[in-house]
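Reviewing the structure listed below.
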Amino acid sequence: MKRFASLALLIFAAGLAAFSQNPRNVLVYNLTDTDCGPCSCMDSIIRGSILPAYPKTIIVALHSPMMNSGFRKYQGNEVYKFFNPKYEPSGFIDGLGYDVPYANLTTAVGQRFTDSPEAPVKINVNSKTWDPATRNVNLSLTLTNLGAEIQGACWYNIFVTEDNLIHRHRVWTGCATPDQPVPPFKENFINDHVIRKLEYFARGDSLIGPTWQAQQTITRSFNVHIDTGWVEGNCSLVFAVYKQNDSLYKAAIQQAIKQSVTGGVGVEEKKISDDGIKLVYPNPTNDWVNIHLAVSRAGNCNLSIIDVTGKTIDTLLDQWMELGAYNVEYNTRDLPAGSYFLFLRSPSGESFREIVVRL
């Protein structure tokens, strides 16, 4: 009898899921900066707990401009000024006006799905095209208010995020995962969900208001440019609709969706055909440079910068890498002007690329 009751409950739950009109995608603003840089503790919870348990969670990562990191120059970090965290690292869920310390974030996300499984606004992607020549992605959306009339103005924004972004951070011993750093506490950490920019800056843009009638549909088209320094296959567009408020973290999310930049509508399968250094941009440079790598076989990878005599000037990374495309950010400002070579050793062989540093 107990087995029958349990089976019936599962069938009932599955039926409810099947009839779900518009399941919610919970948006988490991931505020990651602490005294040791973008926090690996938060990263571990997102990778190992939140996303496996709640795959419809959408993460966008903020990085404080206060830290000595190249992340502070990203236009997307303008959103940081709208947040007033009590905890670092922490997450802000669906613009509800409070932050959750990282240790409690999984429980809080699960509670949000339980308390509000349906989103009042439905977002359909009508079309999406990627033009590699212009590096523009065109997106057409239809938005419908499925619930009661929404009082107050609704706004929207597009977050451009990038995964597999390798950046040198200060990390305390015993904190980083999976690799433990050693003094001087610097680690080339692989970052995901990093906000490269907000298409309509931190405030967003007006969608409709002062009210949104029930069942009313709106159509919008967008053109978003992807910078040459970003690996387009690792970039995503997060489109969020929220109620206007005096601060972004109190602007209640009505619904959010995430789409890859390349390919058609939906998630594109990422295929790596060969290894090596694919792009160094900008080159020549006198500041931060983006180094695009392709890894087709998992294993230890070593990326070094050497001078014209063959002397190793710096090791940019030396760690285990899974199959994929990566973007290594490196600051050249401490290098004397001249020509250098990037040298990559990977499981599939070696790759060289010249880099010119100017004053």
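In table form, for the structure just shown:
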item	result
Residue match in region 285-292 (condition: part of a strand (DSSP E or B), over 21 Å from Thr228 (Cα atoms) and not small (Gly, Ala, Ser))	no
Some residue of region 334-341 being among the aliphatic types (A, V, I, L, M), assigned to a strand (DSSP E or B) and surrounded by 15 or more Cβ atoms within 10 Å (Cβ to Cβ)	no
Qualifying residue in region 122-131 (condition: touching a Lys or Arg at 6+ places or on another chain (Cβ under 7 Å), surrounded by 13 or more Cβ atoms within 10 Å (Cβ to Cβ), modelled with pLDDT of 95 or more and not in a loop (DSSP other than H, G, I, E, B))	no
Every residue from region 293-333 that is free of Cβ contacts under 8 Å to residues at least 24 places away in the same chain, assigned to a loop (DSSP other than H, G, I, E, B) and not basic (Lys, Arg)	Thr309, Gly310
Unmet requirement for Ser116, which otherwise passes all of (1) of a type in the set (Ser, Thr, Tyr); (2) buried (at least 20 other Cβ atoms within 10 Å of the Cβ); (3) at pLDDT 95 or above	(2)
Filter pass, Asn77 being within 19 Å of Leu198 (Cα to Cα) and at pLDDT below 95	yes
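Residues are listed down the side, and each one gets a yes or a no for (1) surrounded by 14 or more Cβ atoms within 10 Å (Cβ to Cβ); (2) assigned by TED's automatic domain parsing to the domain that holds Ile58; (3) within 30 Å of Phe82 (Cα to Cα):
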residue	(1), (2), (3)
Trp212	yes, yes, yes
Thr217	no, yes, yes
Trp230	yes, yes, yes
His292	yes, no, no
Cys301	yes, no, no
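The values are calculated or read from the model by the stated rules, or taken from the named source; none is laboratory data. In this text, all values refer to a predicted model and were calculated from it rather than measured experimentally. So basically every Cβ, Gly included, is an ideal-geometry build from the backbone, and we count neighbours across all protein chains shown.
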